[in-house]
Amino acid sequence: MIKRVINIGLALMASAVCAHANMADTRAESDARYGQPIKVVGSWLVYHCRGWVITEWLNADGLVEAIYYMKQHGNVTKEEFQKFYQVNLPAYMQGQDNWTELQANASNYRVWTSLDEVWRYESGAEQRGKYTYAYLNIMTMRACAAITSQQSGNSNETKPVTNTEILPL
């Protein structure tokens, strides 16, 4: 019985650790956490880890400045969201009073920016092929501008999904 409890505890700790990328990590730190990426496209690294697809965008200095957490099955729980939020944002940015929600014309996602206009957070759901993913992303506004610039002219491979709960801050 004790062995079973220990195994369950270890599995829960491993899944919690696995899904927490860190802003400002280097490629080497991300590889140490998740193993080799399953895909690398330019500045994008894609990892698969225990039911999560974690996509990181590296800035020109080779540091993670945008992180997408995509849950393969089910919604992202409030506890998972809180952990991502705590791990990736400076302590002074935590709390609803530091954010403003942008007006969105879609029911499948919500977007917030920090009042100091340094951070961006998005929560939603999207369909890729036959799979629907609940997702969160956290990035700097500088990364958002760079990513938008890189992607201009590229087609969007995703379809919106409207039936998944979207977490507010």
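Summed over region 24-46, the residues that are among the aromatic types (Phe, Trp, Tyr) and at pLDDT 95 or above give a count of 1. Only a single item in (1) outside any helix (DSSP H, G or I); (2) among the aliphatic types (A, V, I, L, M); (3) within 27 Å of Gly42 (Cα to Cα) is not met by Val87, and it is number (1). The residue list Arg120, Arg110 contains one member that is of a type in the set (Lys, Arg), surrounded by 18 or more Cβ atoms within 10 Å (Cβ to Cβ) and under 14 Å from the mean Cα position of the chain (by Cα), which is Arg120. Based on this model, can you work out whether Ala24 counts as at negative phi and not aromatic (Phe, Trp, Tyr)? No. Within region 49-71, is even one residue in a loop (DSSP other than H, G, I, E, B), aliphatic (A, V, I, L, M) and either closer than 19 Å to Gln151 by Cβ or at pLDDT 90 or above (or both)? The answer is yes, given that some residue of region 49-71 is in a loop (DSSP other than H, G, I, E, B), aliphatic (A, V, I, L, M) and either closer than 19 Å to Gln151 by Cβ or at pLDDT 90 or above (or both). Looking across region 71-107, just one residue is within 14 Å of Met23 (Cβ to Cβ) and small (Gly, Ala, Ser), and that is Ala91. Within region 21-35, if we keep just the residues that are under 23 Å from Gln82 (Cβ atoms) and either surrounded by 14 or more Cβ atoms within 10 Å (Cβ to Cβ) or polar (S, T, N, Q) (or both), the residue that is nearest to the chain's Cα centre (by Cα) turns out to be Ala21. Condition check for Ser114 on (1) closer than 16 Å to Trp52 by Cβ; (2) at pLDDT 90 or above; (3) not aliphatic (A, V, I, L, M): one failure, at (1). Would you confirm whether any residue within region 42-60 is of a type in the set (A, V, I, L, M) and surrounded by fewer than 17 Cβ atoms within 10 Å (Cβ to Cβ)? Checking region 42-60: at least one residue is of a type in the set (A, V, I, L, M) and surrounded by fewer than 17 Cβ atoms within 10 Å (Cβ to Cβ).
The values are calculated or read from the model by the stated rules, or taken from the named source; none is laboratory data. Everything quoted here is computed from the prediction, not taken from an experiment. Quick reminder, even Gly has a Cβ in these numbers, built from the backbone with ideal geometry, and neighbours come from all protein chains shown.
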